[in-house]
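What follows is one structure encoded as structure tokens, with my remarks underneath.
A short reminder: the numbers here are calculations on the coordinates, not readings from a lab. All values reported here derive from a predicted model rather than from experimental measurement. Using ideal geometry, Cβ is built from the backbone for each residue, glycine included, and neighbour counts are taken over all protein chains shown.
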Amino acid sequence: MSHVRAALVASTVVVGALLAGCSAQPGTAAVVDGRTVSQDSLDRTVAELTPLLGEAVPRDVLVSLIAAPLYIEAAEESGVGVSTVEIRDQLDQVAEQVGAETADWSESTIELVRSSFAAQNLQGEDPEAFAAVTEELLAADITVNPRYGRFDHEAREIVPITWPWIVAGPAAEDAEGTGPVQDSPTTE
């Protein structure tokens, strides 16, 4: 009986170590070509955008934060970029319009909104640069914290992770109500 217990403990330790090695560092929401999107940045951006949008889904916000630097850089290179001052003003105006408090906006919130304007400007003014950003995103090495899912390069979105050995009951829905809760890390 003690051999069985020792084997169980040993296998649990080994599996735990393997799973920990596959996940991102604690406090990391995603890593994009070595650039970290922190969990704190994601949480703060979601909190700041929710009063303005009515709801900010963490998975969607994370996708935007993953792509943001690419769109911002391409827009600046094409001469259609937007300054952080303009974005702060835009955020303040929207906050006033919806009756929310204006905030000391975080860098990640400004970056996300700035990249949204940059992507729109690129689409309208320099479609080739916009397409190049899409290609760069497809080629990027992106690892997402498994609590959000995995990054699907073709769809350019984070999709839930499904595990064939986990059967979720009807009450096992995640916070966004998009499917079964699956907190196990990936091997990506």
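By per-residue mean of other Cβ atoms within 10 Å, what is the highest-first order of 38-51, 81-94?
Per-residue mean Cβ counts within 10 Å order the peptides as 38-51, 81-94.
Assuming a ≥ b ≥ c are the square roots of the Cα gyration tensor eigenvalues, decide whether the stretch 28-159 counts as rounded (a/c under 1.5), prolate (otherwise, with a/b larger than b/c) or oblate.
Here the stretch 28-159 falls in the oblate category.
Using the Cα gyration tensor of the stretch 26-88, with a ≥ b ≥ c the square roots of its eigenvalues, what is the shape: rounded (a/c below 1.5), prolate (a/b larger than b/c) or oblate (neither)?
oblate
Only sites in a loop by DSSP and with at most 15 other Cβ atoms within 10 Å count here; which GluC sites (Glu not before Pro) in the stretch 92-142 make the cut?
Qualifying residues, ordered by number: E101.
Take the alpha carbon gyration tensor of the stretch 86-144, find the square roots of its eigenvalues, order them as a ≥ b ≥ c, and report rounded if a/c is under 1.5; if not, report prolate when a/b exceeds b/c, else oblate.
oblate
Projected onto the charge dipole of the stretch 28-159 (+1 at Lys/Arg Cβ, -1 at Asp/Glu Cβ, origin at the Cα centre), which of L52, Q39, A131 gives the Cα projection farthest towards the positive end?
Q39
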